[in-house]
Amino acid sequence: MNKELQNFLAAGCMMTGIFLLGVNLSIHSGYLFTIIPLAVLTCASSWFFMQNKRHASVITSVILVGTCITINMLESPDYWWFVYVLPIAVCFPIVVWIGSSAKSRTAAVLISILFSASYLLLNLFFETRFFWSLFPLFAMGWWPLSCSFAHLPKRFAFAGSFWIILFFMVLNGITTPNYLWMIHPTFAVLWWPLSLYFAKKPFRFAMICAVMTIVYLASVNYLTTPNRIWAVFPAFAVLWWPLSVYYFITVPKKRNHFRT
């Protein structure tokens, strides 16, 4: 992005902020309802205007935290919800300051641990009614996974599917341990690594996925309506898949191979 475009965007953000502030003061001067868009525009203008992005990241984080504290104290001073923004405000400048090193696996693991530990501590000591930190933990886990296996799609698919299944397993155990609903996302996620590992082996792929589908249907049948066996009907339909692949793909390939 050239300097002229950066200055144009910064000036546009400042002009928009002044306009919104004027509208706010003229319509409802007793309540500053434009504080959030003003903070966003200020962060954007500082980011575009300042050439040193490291300093701009610190200023952006300070503005973000200051805005959240102000809104928190004005609207709900009895509950300090601004503390949930602090890990984001701290990690963002760190990522900008280390620059291209943030793409390394070591930096991704360390920053993810710092970010996740912050929300875990907030969950344990500040808001203990529900294990909500599971969600930011799950989200941050994708950063080191991407840095570690981005160039290895098969390993990334295996590690990513394992991470997703583990997340739903824990979530299932916390929310509704009496019903094993995690089998539904697990069944959907397993198609990802299987498609990559057996993309060039259609018959083996069809056999494994057909067995997996039948097991899934049987599990749903057992969990939902164990007194009525209905899974045999879709299972019979699924078996036509590997049968068709064998006789229309595998067998013709073998014939052509022997002829040559």
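The values are calculated or read from the model by the stated rules, or taken from the named source; none is laboratory data. Note that the structure is predicted; figures quoted are calculated from it, not measured. Because the Cβ atoms are built from the backbone with ideal geometry, glycine has one as well, and the counts that use them run over all protein chains shown. Quick note on the areas: whole protein, heavy atoms, side chains included, nothing else; ligands and nucleic acids left out. Shrake-Rupley method; radii C 1.70, N 1.55, O 1.52, S 1.80 Å.
Remarks
- When all protein chains stay in place and ligands, DNA and RNA are ignored, the 1.4 Å accessible-area order of 63, 18, largest first, is 18, 63.
- Mean residue ellipticity, 222 nm, helices only, the chain: the sum of -39500 (n - 2.57) across DSSP H runs of n ≥ 4, divided by residue count and rounded to 500, is -24000 deg cm²/dmol.
- Cα-Cα over 20 Å, subset of 201/254; 3/103; 53/103; 103/200: 3/103; 103/200
- Cα gyration tensor shape for the stretch 114-226, rounded if a/c is under 1.5, else prolate or oblate: oblate
- Spread over its residues, the convex hull of the C-alpha atoms of the chain is 228 Å³ per residue.
- For the chain, the longest principal axis of the alpha carbon atoms and the long axis of helix 35-49 meet at an angle near 90°.
- Förster radius 25 Å - calculated FRET efficiency between residue 62 and residue 31, Cβ distance, rounded to 0.05: 0.55
- By accessible area with a 1.4 Å probe, ligands and nucleic acids excluded, highest first: order of 4, 127: 4, 127
- Accessible area of residue 151 in the full protein assembly, 1.4 Å probe (Å², nearest 10): 130 Å²
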